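The values are calculated or read from the model by the stated rules, or taken from the named source; none is laboratory data. Keep in mind it's a predicted model, so treat the numbers as computed, not measured. Every residue, glycine among them, receives a Cβ derived from its backbone with ideal geometry; neighbour counts consider all protein chains shown.
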Amino acid sequence: MTAAKSNELAAPLGILGGGQLGRMTIQAASTLGIDVVVGDFKPRSPAGRLAQGEVIFTGGWDDNEAITEIARSAPVITLENEFVDACVLEKLEGAGSTVLPTPDCVRTVQDKLKQKTAMQSAGIPVPEFRKVEHPDDLAMIGDELGWPFVLKARRDGYDGYGNRKLDHGSDPASTCEELGWPERELFVEQFVPFERELAVIVVRGRDGETINYPVVETQQDPELHICRVVIAPADIPATVAEQAEAIARQAVESVGGTGTFGVEMFLLQDGQVLVNELAPRPHNSGHYTIEGCVTSQFENHVRAVLGLPLGDPSLREGAAVMVNLLGYGGEMPGKDQFDSALSVPGVHLHNYGKDQSRYGRKMGHITACGSSTEDALDRAQRAADQIRM
Ligand code: ADP
């Protein structure tokens, strides 16, 4: 990857996607004096509300006018979700912008089957998986991989919405249809009886320099399959942490990543670590880094894509805990709820500024740092319990 050109720092950074990840990237960019132009479908998105410029893709990501406009304003463009098709990223490159992570990398990562194949070819431990051509294949795949197994959409899945667990007795055809088959391609993964879920944020610079944050434990809501709590550092033996960090770095290298990546992993009973998936962008498991680490995942993402030196990823204190504020689908909280949450000492509230709550939607998060996990978890959870968004 070529070095950054000096005019790239004077011009705005482009971010495709207007969600909370874009919003927190803008907050980090603004500290460095870097303006941001956001591309999204609608105005006043969580990121658009903070950006110095906004380009609205009224015709979808394929809107050529919007592509030309954003490429004209931003010499470097990155993304905050993996749902922008790689062909669109290539068009932006064709219009003169540098796109990071590269379109080739995003093409691999945005298709979970291609992503897993790339990691497996690089010798990275992943759960066993199979391509699905037709629902009729599932009975044979189940006999081969074992029952139950997990059926996944290859593309556009998030927060568990593209996954279904299948057991003997489930109806393969209707489960495939629920996930969008035949329009949407599917694959199957063995069900992993993990002991815990872990994650590592890895940042790779334009020159290939790679750093990683500490291994964290992520706890998912058992019903929603969405992350509820992140605990940094994970309470695991040093040998397991070293293994997880090495695997996470190799995983990002295996797809030629540039910028911040979230690497989600399963920890098995015997201490073995398997990669679940990669996200080619800042990740929910790294929100604690804003207050918890010397340099946040968002600032390091900006530094990485602009070719600046990467910052120190180490924890400032012994522990940091992040609790997500997941939507209830009702009214937005009033001042009394903010009062109660912010009365808990040392907590940091992030409200993403979403107009509408939906059940399970990520509306904000709370972070607490401290000398011990117990103390940080107690305060973060107590504050989160005060707010219904
Ligand atoms: P998404 O991309 O929608 O977040 P994931 O594939 O990461 O979906 O799955 C969401 C959650 O579902 C994981 O965090 C994990 O709890 C569970 N899960 C996913 N794949 C498997 C698997 N192969 N075995 C067991 N649990 C799984």
Query - Evaluation of P333 against (1) away from the ligand (no atom under 15 Å from the Cβ); (2) surrounded by 14 or more Cβ atoms within 10 Å (Cβ to Cβ); (3) at pLDDT 95 or above (one fails), failing number - result: (3)
Query raised in the report: Using beta carbons and a limit of 9 Å, which pairs, at least six apart or on different chains, have the first residue in the range 177-203 and within 17 Å of H283 (Cβ to Cβ) and the second one among the basic types (K, R)?
Result: V200/R249; V202/R249; V203/R303
Report task. Go through the range 254-373 and tell me which helices (runs of 4 or more DSSP H), entirely inside it, have 1 or more residues that are hydroxyl-bearing (S, T, Y) and closer than 13 Å to V202 by Cα. Result -> 289-292
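Quick check on T117: is it crowded, with 16+ Cβ neighbours inside 10 Å and in contact (Cβ under 8 Å) with a residue 40 or more places away in the chain?
no
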Query raised in the report: Looking at this structure, is A279 under 17 Å from the mean Cα position of the chain (by Cα), at pLDDT 95 or above and more than 16 Å from the ligand (Cβ to nearest atom)?
Result: no
Query raised in the report: Got a sec? Which of V109, V150, V88, V84 is surrounded by fewer than 20 Cβ atoms within 10 Å (Cβ to Cβ) and within 23 Å of the chain's Cα centre (by Cα)?
Result: V150
Query raised in the report: Do you know which residues across the range 139-159 are within 15 Å of the ligand (Cβ to nearest atom), assigned to a helix (DSSP H, G or I) and touching a helix residue (DSSP H, G or I) at 6+ places or on another chain (Cβ under 9 Å)?
Result: G142
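Going residue by residue through the range 232-253, is there one that turns out to be among the hydroxyl-bearing types (S, T, Y) and either assigned to a strand (DSSP E or B) or in contact with a helix residue (DSSP H, G or I) (Cβ under 9 Å, 6 or more places away or on another chain) (or both)? Even if it seems obvious, please write down each step before you answer.
In the first step, residues of the range 232-253 are kept if they are among the hydroxyl-bearing types (S, T, Y); the result is 239.
Now narrow it down to the ones that are either assigned to a strand (DSSP E or B) or in contact with a helix residue (DSSP H, G or I) (Cβ under 9 Å, 6 or more places away or on another chain) (or both): none.
Within the range 232-253 (the criterion being among the hydroxyl-bearing types (S, T, Y) and either assigned to a strand (DSSP E or B) or in contact with a helix residue (DSSP H, G or I) (Cβ under 9 Å, 6 or more places away or on another chain) (or both)), the answer is no, since none of the residues qualifies.
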Report summary line: The residue that is surrounded by the most Cβ atoms within 10 Å (Cβ to Cβ), considering only those in the range 261-275 that are more than 17 Å from G123 (Cβ to Cβ) and within 13 Å of the chain's Cα centre (by Cα), is F261
Query raised in the report: Residues T295, T258: which one is of a type outside the set (G, A, S), at pLDDT 95 or above, away from the ligand (no atom under 16 Å from the Cβ) and surrounded by fewer than 22 Cβ atoms within 10 Å (Cβ to Cβ)?
Result: T295
Report task. Could you tell me which residue of the range 161-215 is farthest from the ligand (Cβ to nearest atom), considering only residues that are touching a helix residue (DSSP H, G or I) at 6+ places or on another chain (Cβ under 8 Å) and of a type in the set (K, R)? Result -> R206
Query raised in the report: So which residues in the range 190-217 are in a strand (DSSP E or B) and buried (at least 23 other Cβ atoms within 10 Å of the Cβ)?
Result: L198, A199, V200, I201, V202, V203, R204, V216
Query raised in the report: Can you tell me how many residues in the range 15-37 are within 15 Å of F298 (Cα to Cα), over 18 Å from the mean Cα position of the chain (by Cα) and outside any helix (DSSP H, G or I)?
Result: 5
Query raised in the report: Which condition breaks for H225 when tested against (1) of a type outside the set (A, V, I, L, M, F, W, C); (2) in a loop (DSSP other than H, G, I, E, B); (3) more than 12 Å from the ligand (Cβ to nearest atom)?
Result: (3)
